[in-house]
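Notes follow once the structure below has been shown.
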Amino acid sequence: MSTESRVTVAKTHKLYLNGAFPRSESGRSYPVRDTGGRLLAHAALASRKDVRDAVAAARGALPRWSGATAYNRGQVLYRVAEVLEGRREQAADEVVAAEGVSRREATAVVDATIDRWVWYAGWTDKVATVLGSVNPVAGPYECTSTPVPTGVVGVLAPQGSSLLGLTSVLAPVLAVGATAVVVASQERPLPAVVLGEVLATSDVPAGVANLLTGRTAELAPWLASHAEVAALDLVGAPGDTAVDLERAAADSVMRVLPRPTAEPDFTEPPGIGRLRAYCEITTVWHPVGT
Amino acid sequence: MTWTYAPAPESAALAGLRPSYRPFIGGEFVDGHGESLTTVNPATEEPLAEVGTASDADVDAAVTAARTAQEKVWGPMSGTERAKYLFRIARVVAERARELAVLETLDNGKPIRETRDVDVPTASAHLFHHAGWADKLEHAGLGPAPAPLGVVGAVVPWNFPLLMAAWKIAPALATGNTIVLKPAETTPLSALVLAEIAADAGLPPGVLNVLPGDGAVGAALVGHGGLDKVAFTGSTEVGIQIQRRLAGTGRALTLELGGKAANIVYSDAALDQAVEGVVDGIFFNQGHVCCAGSRLLVQEPIAEEFLERLRERIAGLRVGDPLDKNTDVGAINSRAQLERIVDLAAAGDAEGAQRWTSPCALPERGLFFPPTVFTEVEQTMRIAREEIFGPVLSVLTFRTPDEAVAKATNTPYGLSAGVWTEKGSKALWTAQRLRAGVVWANTFNRFDPTAPFGGTGESGFGREGGRTGLQAYVR
């Protein structure tokens, strides 16, 4: 009997959409392989309809999430870090499998990911102070400028850095109070699935973050041309589609973060560019008098 | 007995109008290689001056001059020195305010009261404000060492020709960029006088270039591969074309586009003040304002009384000679724009809205449109959805604050909004829920260089003024 080992329970990977874990409405899935070509699992192959459902969910979640206090949003993001800390081993397993790195390197990636959630958790109640202003206008008016979340953000996650990169592009969206529809790394989607499970158990309200797995080039045009999407991060866009996606985004004057020539090094300090990108500045004037 | 106003015209001679104007490239006024245009006075439809326009080769020459100036002179120059040039220009704009105001009124058709009290002083203020930033950029919260983007191509509209030019030039130059400016086809004159002021101030050649011409010159400029940034103010339609054009180039872009602002009047508002604000919101500059309060949302209990007071006030607006200091509403800038206003107003009739026209007298010649109010407007009507850019107000009503917000935000635009209530908490509640770059509570149409201005949604992206405005010109 000593040679007989237990048969593991194989996991079916699904989308994370509106706080639930549905299969793609198309019923499709696709094989996910490790860097050596070994089949890891099948992941849901999201469709155009899934994109639209995700945008609708993100739009629906926007009033509550953008209206939550910054303090509350900070606690929720910190909770993501807490829950991920508890799933450190599983996340590292997925990073090893997805990225082909050593166990030690994967652990470092997971640790950096957890720390990044903590970093953004601390930003929620500082964005307004740092990006906003009291304007000393030449007249008897109280005049203030406040950053407000731009709305639903479409994110094409980095293709290489499947967990730290994903977090680095998702967390700033959530920190400013915007909501997200993310297309995970096409070849390395499984860390995103784990992150979806973490988000679902971290008090992140349903619909605030939606993670789709599938073919980036197939899904991206529907995000870029969706009038309810306010901003689009092209960091993980396939190189030959980025220009078309920018053009499609222009039709609704969508804010676009262009595709960089090379994937950024996400272990570097992130800066506040992405926080800024998802804020609109609203200036409010009111007369002062008696 | 009826009292009438005696005419109080400003002298047209103050404009120092010359028979011809030329493009400004590399520090000199040069003969443009485009077909020259005649700019007309919309109040009389008489020609004002011949203006030389730019060809593609001129665009190229201007961008090259701007590049050389940026790399060799303006970029390496210390902020302290850059600041002094901008202060000089700001000062001379103030010194020549009367001339610029008259020139702007002649070319644009807007009342002298507005060019004198708003356009020119605000343009000077923007230059002053940004001059002071030039040597303090490392303290602006934009990172430790903000660097200029390089060469900026700017295209500005005809509704505030001098002010929009200053809004682009001031932050671009303060941050160490050089600029090629394309003023609107129908209003090129004040930008060219501004170029003259810059030259008199000793601004190094190529730092500022001004290229008159039509949309084709604008298209050649924004599509020029030598630019690092495009700053555009104008229609959403053209803004979308520019964003598409720049796709994949990595060039920076800011867009200040159209709007369809709502002015929300709650039943507890100070009604006379609100009437003034609504009138100012839509009839300032003949309604040729991207942030004009073109939709009045009035709460049902006061709707009837409010409209009565509003009509009475509007009937008192004097439409006529823009150079007359008593004129409230001037001329429509161009025949094409007048036709667009006429067409959209006709669509209001056709779709069943009720038109009321001010009984004011109109001049016998020139391009004028009387102040007009449509009631019984539905949200689906064109006059409630499309930017009219004229003195036409559409009135809708609401019952609850939630309904007011829902109707106000029921548009892809998101530039500005007004809220009128004596209850501060309600004003702030409403302001937080409106999707707009600027919300004026118990006031309207206020502008200041320290206060960021700009839109959300299809009203564009980027801000002008304040730290946020500076950010659009640095990396």
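The values are calculated or read from the model by the stated rules, or taken from the named source; none is laboratory data. A quick note: this is a predicted structure, and the numbers were derived from the prediction, not measured. In this analysis, Cβ positions are derived from the backbone assuming ideal geometry, glycine residues included, and neighbour counts consider all displayed protein chains. Just the protein is used for accessible areas: all its heavy atoms, side chains included, with ligands, DNA and RNA removed. Shrake-Rupley method; radii C 1.70, N 1.55, O 1.52, S 1.80 Å.
Take residue B:121 and tell me if it is open to solvent by 30 Å² or more (accessible area, probe 1.4 Å) and under 21 Å from the mean Cα position of the chain (by Cα). It is true that residue B:121 is open to solvent by 30 Å² or more (accessible area, probe 1.4 Å) and under 21 Å from the mean Cα position of the chain (by Cα).
Residue by residue, here is whether (1) out of contact with any helix residue (DSSP H, G or I) (no Cβ under 6 Å at 6 or more places or on another chain); (2) under 27 Å from residue B:281 (Cα atoms) holds:
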| position | (1), (2) |
| --- | --- |
| B:115 | no, yes |
| B:120 | no, yes |
| B:149 | yes, no |
| B:155 | no, yes |
| B:162 | no, yes |
| B:180 | no, no |
| B:184 | yes, yes |
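Against the condition among the charged types (D, E, K, R), within 12 Å of chain B (Cβ to nearest Cβ), in a loop (DSSP other than H, G, I, E, B) and touching a helix residue (DSSP H, G or I) at 6+ places or on another chain (Cβ under 7 Å), how does residue A:247 come out, does it pass? For residue A:247, the condition - among the charged types (D, E, K, R), within 12 Å of chain B (Cβ to nearest Cβ), in a loop (DSSP other than H, G, I, E, B) and touching a helix residue (DSSP H, G or I) at 6+ places or on another chain (Cβ under 7 Å) - is not met. One residue stands out among those in region A:15-28 that are in contact with a Leu (Cβ under 8 Å, 6 or more places away or on another chain) and of a type in the set (A, V, I, L, M, F, W, C): the one that is most open to solvent (accessible area, probe 1.4 Å), which is A:21. Just one of (1) more than 10 Å from every other protein chain (Cβ to nearest Cβ); (2) touching a strand residue (DSSP E or B) at 6+ places or on another chain (Cβ under 6 Å); (3) of a type in the set (D, E, K, R) fails for residue B:423. It is (2).
Quick one: in region A:5-23, which of the residues that are touching a residue at least 60 places away in the same chain (Cβ under 8 Å) and among the small types (Gly, Ala, Ser) is farthest from residue A:179 (Cα to Cα)?
Only one residue fits best here, namely A:20.
For the structure I just gave you, tell me whether residue B:429 is open to solvent by less than 40 Å² (accessible area, probe 1.4 Å) and either assigned to a helix (DSSP H, G or I) or within 11 Å of chain A (Cβ to nearest Cβ) (or both). It is false that residue B:429 is open to solvent by less than 40 Å² (accessible area, probe 1.4 Å) and either assigned to a helix (DSSP H, G or I) or within 11 Å of chain A (Cβ to nearest Cβ) (or both). Within region A:211-219, none of the residues are more than 25 Å from residue A:31 (Cβ to Cβ), at pLDDT 95 or above, acidic (Asp, Glu) and open to solvent by 10 Å² or more (accessible area, probe 1.4 Å). Screening the candidates A:205, A:158 for the property of being outside any strand (DSSP E or B), open to solvent by 10 Å² or more (accessible area, probe 1.4 Å), touching a Gly at 6+ places or on another chain (Cβ under 9 Å) and not hydrophobic (A, V, I, L, M, F, W, C) yields one hit, A:205.
Every residue, every condition in (1) assigned to a loop (DSSP other than H, G, I, E, B); (2) open to solvent by 70 Å² or more (accessible area, probe 1.4 Å); (3) of a type in the set (Gly, Ala, Ser), yes or no:
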{"residue": "A:10", "(1), (2), (3)": "yes, yes, yes"}
{"residue": "A:13", "(1), (2), (3)": "yes, no, no"}
{"residue": "A:37", "(1), (2), (3)": "yes, no, yes"}
{"residue": "A:46", "(1), (2), (3)": "yes, no, yes"}
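Just one of the listed residues (B:68, B:39, B:53) is touching a residue at least 40 places away in the same chain (Cβ under 8 Å) and in a strand (DSSP E or B), namely B:39. Scanning region B:446-471 for residues that are open to solvent by less than 20 Å² (accessible area, probe 1.4 Å), more than 7 Å from chain A (Cβ to nearest Cβ) and among the hydrophobic types (A, V, I, L, M, F, W, C) turns up just one, B:470.
The requirement of being open to solvent by less than 10 Å² (accessible area, probe 1.4 Å) and within 14 Å of chain A (Cβ to nearest Cβ) is not satisfied by residue B:434. From the list B:96, B:88, the one residue that fits, being of a type in the set (D, E, K, R), surrounded by 19 or more Cβ atoms within 10 Å (Cβ to Cβ) and in contact (Cβ under 8 Å) with a residue 40 or more places away in the chain, is B:96. Applying the condition of being part of a loop (DSSP other than H, G, I, E, B) and of a type in the set (Asp, Glu) to region B:18-36 and asking which residue is nearest to residue B:206 (Cα to Cα) yields B:31.
Check region B:139-146 and report whether any residue there is open to solvent by 10 Å² or more (accessible area, probe 1.4 Å) and within 22 Å of the chain's Cα centre (by Cα).
no
Looking only at residues of region B:192-222 that are closer than 18 Å to residue B:98 by Cβ and of a type outside the set (Asp, Glu), we find that the one that is surrounded by the most Cβ atoms within 10 Å (Cβ to Cβ) is B:194. Within region B:4-17, does at least one residue satisfy the condition of being out of contact with any Phe, Trp or Tyr (no Cβ under 6 Å at 6 or more places or on another chain) and under 18 Å from residue B:181 (Cα atoms)? Within region B:4-17, none of the residues are out of contact with any Phe, Trp or Tyr (no Cβ under 6 Å at 6 or more places or on another chain) and under 18 Å from residue B:181 (Cα atoms). Being closer than 16 Å to residue A:275 by Cβ, small (Gly, Ala, Ser), more than 14 Å from chain B (Cβ to nearest Cβ) and touching a residue at least 60 places away in the same chain (Cβ under 8 Å) is true for just one of A:161, A:168. Which residue is that? Only one candidate passes the filter, namely A:168. Residue A:191 meets each of the listed conditions (1) under 16 Å from the mean Cα position of the chain (by Cα); (2) open to solvent by 20 Å² or more (accessible area, probe 1.4 Å); (3) more than 14 Å from chain B (Cβ to nearest Cβ) apart from (2).
Take the residues in region A:114-155 that are in contact with a Pro (Cβ under 9 Å, 6 or more places away or on another chain) and more than 14 Å from chain B (Cβ to nearest Cβ); name whichever of them is most open to solvent (accessible area, probe 1.4 Å). Step by step, filter region A:114-155, then rank; the result is A:119. Among the residues making up region B:266-290, those that are under 18 Å from residue B:427 (Cβ atoms) and either not acidic (Asp, Glu) or not in a helix (DSSP H, G or I) (or both) are B:266, B:267, B:268, B:269, B:270, B:271, B:273, B:274, B:275, B:277, B:278, B:281. Screening region B:234-253 for residues that are open to solvent by less than 50 Å² (accessible area, probe 1.4 Å) and out of contact with any strand residue (DSSP E or B) (no Cβ under 9 Å at 6 or more places or on another chain) and picking the one that is farthest from the other protein chains (Cβ to nearest Cβ) gives B:235. Taking region B:307-322 as the range and being farther than 15 Å from residue B:392 by Cβ and open to solvent by less than 20 Å² (accessible area, probe 1.4 Å) as the test, the residues that pass are B:320, B:322.
Conditions (1) outside any helix (DSSP H, G or I); (2) open to solvent by 30 Å² or more (accessible area, probe 1.4 Å), marked per residue:
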position	(1), (2)
A:40	yes, yes
A:52	no, yes
A:74	no, no
A:89	no, yes
A:101	yes, yes
